[in-house]
Amino acid sequence: MVHKSLCLSHCNAYSRFIIKSHILLLSKQNGVDFFLSTPVYSDCYDPLDPYGNITVTFDIHQWTNDGYVARVTIQNYHQYRHVDQPGWKIGWTWADNEIILSMSGAFATEQGNCSDFKFQSPHSCKKDPVIVDLGPDASPQNMTDACCRGGLLSSYTINPANSFSFFEVAVGNLGMNASGHAPQDLTLWAPGPGYTCGLLEDVDPTVSLEIGGRRQVQVFRTWKSTCTYSTFLANKTPVCCVSLSTFYNPKITPCPDCSCGCRDADKSKALCISQINQLQGPDFIKSQDIVHCSDHMCPVRVHWHVQSNYVGHWRVKVTVSNYNYKRNYSNWNVVVQHPGFSQKATPYSFNSSVLPSAGFSEKVALFWGISYYNEELLQAGENQVGSVTTQILLEKDSESFTLSNGWALPRRVYFNGENCEMPLPDTFPMLPNAASSSLKPVNNCFFILQILFFLTFTSQLINLLGFDKQLSKFCLSLHFLIHNPLSF
């Protein structure tokens, strides 16, 4: 309950739709100062996924002598935030004297004191039970449909078929005429703190279809709660950072120092304990990340490299590196906000999708791994970090594209739903002085046609007059270059 009050007070302190902006110096070129206004949002509201949440639904589909049987659904509606290992846990407090008689598809972590029930063995008599998903190796008699994935939930955009989980619970000890009251104080760990759940409220009963969609079946009663995520509650520090580089500047902009905590003063150490620990209690030691010691101390780094510039396209290379020695990231994903995604973008080694954005001119693209190829970001080894990489070819919008003022660099980057720490704009790699025009590819069609005509005519004249073959080859080489796009 401490987490819930913290999140509510944090969200109330900043309205969900009020933006607090701070102005950062971006660059200084040709004696003109350029500024970038960076919006900062409340941590309980994700502007790139404003409707993302996890919804918990209790559907009572059977009444019993002293209780009911309910089907509980945990549905992940986040576009890119998924529930990773060790999986979700859900808990609540009973409103009356309820007990759990039996369960399928999940189990309560504690049975509690059931000494008052001499002629039966309830599954759990705890006033505040905690429920955990079964694994794929569960026995068939304990399984239900869409259960038993070890608590893992995919994001709704990437894999909607695996974005939900079911379990059934038989509730008793309510008396002969009790109709039941909704559980209270719903709490969700997915897998650690970070989610705040509202009250389980009565809503219209859930309707499902049978017989090929020709028959509608309605449950007796439905309670529903929405759980929203807050980075403020989930992590003490960021979990990832961004570094930048370009073909037009040899300078590499690294992740900001101490992005995810500061390393020890002893620079000779290769292994460090990350300050990011999401889990509490007995799982705390298991959750400690042993990472490669670095100035940024982040378990994950995303590197964005502007690779080349063509007449009608430009190319970017994205590399995601895992500095964690103990953890592989299965079903990872990266979200990038950039205006260039308003045009067609083709990644060569990742899956991708352009997400709907609310109130942003810059488009948001989601990238994730290809099954059986690079869907798992492997842990760091003794001599190298784990990584996945791809090149992305983007079409140009001639009215907006520029290499000036850091336009080709990302506005915001997320890894597995967590906002990555970006370098300050005044550290971005910038165009060399007076290089703006020289780095633009030639796109004057009339000028190219003139040169092409001249070289073709000259080459034919040289062949007719029998001049030096080396000169002829030189002209043919120039002819080839004109036919092909210029890149830099």
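Can you flag which of Lys269/Lys363; Lys236/Lys344; Lys236/Lys396; Lys236/Lys269; Lys89/Lys344; Lys224/Lys326 are past 32 Å Cα-Cα?
Lys269/Lys363; Lys236/Lys344; Lys236/Lys396; Lys89/Lys344; Lys224/Lys326
So how far apart, in nm, are the two label points at Glu376 and Leu355 if each is 7 Å from Cα heading toward Cβ?
2.6
When the accessible area of region 84-240 is split by element with a 1.4 Å probe, what percent falls to carbon and sulfur?
The computed percentage sits at 49.
When only C-alpha pairs under 8 Å and at least 6 residues apart count, what is the relative contact order of region 53-166, in percent?
Once divided by the residue count of region 53-166, the mean separation gives 31 percent.
At Ile273 and Asp185, where each label point lies 7 Å from the Cα along Cα→Cβ, what is the point-to-point distance in nanometres?
Simple spin-label model gives 3.1 nm for this pair.
Could you tell me the distance between the Cα centroids of region 203-256 and region 352-373, to the nearest Å?
After rounding, the separation between the Cα centres reads 13 Å.
Relative to the present Cα-Cα distance, how much length would full extension add between Lys251 and Ile290 at 0.36 nm per residue of separation?
Extra length from Lys251 to Ile290 when fully extended: 11.1 nm.
Dividing the alpha-carbon radius of gyration of region 99-139 by 2.2 N^0.38 Å (N being the number of residues), what value is obtained?
That ratio works out to 1.22.
Can you give the relative contact order of region 167-246 as a percent, counting alpha carbon pairs under 8 Å and 6+ residues apart?
For region 167-246, the relative contact order is 27 percent.
Which net charge results when you count Lys and Arg as +1 and Asp and Glu as -1 among the other residues whose beta-carbon is under 10 Å from that of Gln337?
Neighbour charge sum, excluding Gln337 itself: +2.
Calculate one ³J(HN,Hα) per residue across region 422-430 by plugging θ = phi - 60° into the Karplus curve 6.51 cos²θ - 1.76 cosθ + 1.60, and present them in order as whole Hz with x for glycine and proline.
Each residue of region 422-430 in turn: 9, x, 5, x, 6, 9, 4, x, 10 Hz.
Between Leu355 and residues 5 or more places away or on another chain, which pairs have amide H atoms under 5 Å apart, with H built 1.01 Å from N, and which residues are they?
Val364, Ala365, Leu366
Residue by residue, what Karplus-based ³J(HN,Hα) values in Hz, rounded to whole numbers, does region 153-166 have, using 6.51, -1.76 and 1.60 with θ = phi - 60° and x for Gly and Pro?
Once rounded to whole Hz, the list reads 10, 6, 6, 5, 6, 6, 8, x, 5, 10, 9, 9, 9, 10.
The values are calculated or read from the model by the stated rules, or taken from the named source; none is laboratory data. If you're wondering where the values come from, they're calculated on a predicted model, not measured in any experiment. Glycine gets a Cβ as well: all are built from the backbone with ideal geometry, and neighbour counts include every protein chain shown. Just so you know, the surface numbers come from the protein's heavy atoms only, side chains and all, with ligands and any DNA or RNA stripped out. Shrake-Rupley method; radii C 1.70, N 1.55, O 1.52, S 1.80 Å.
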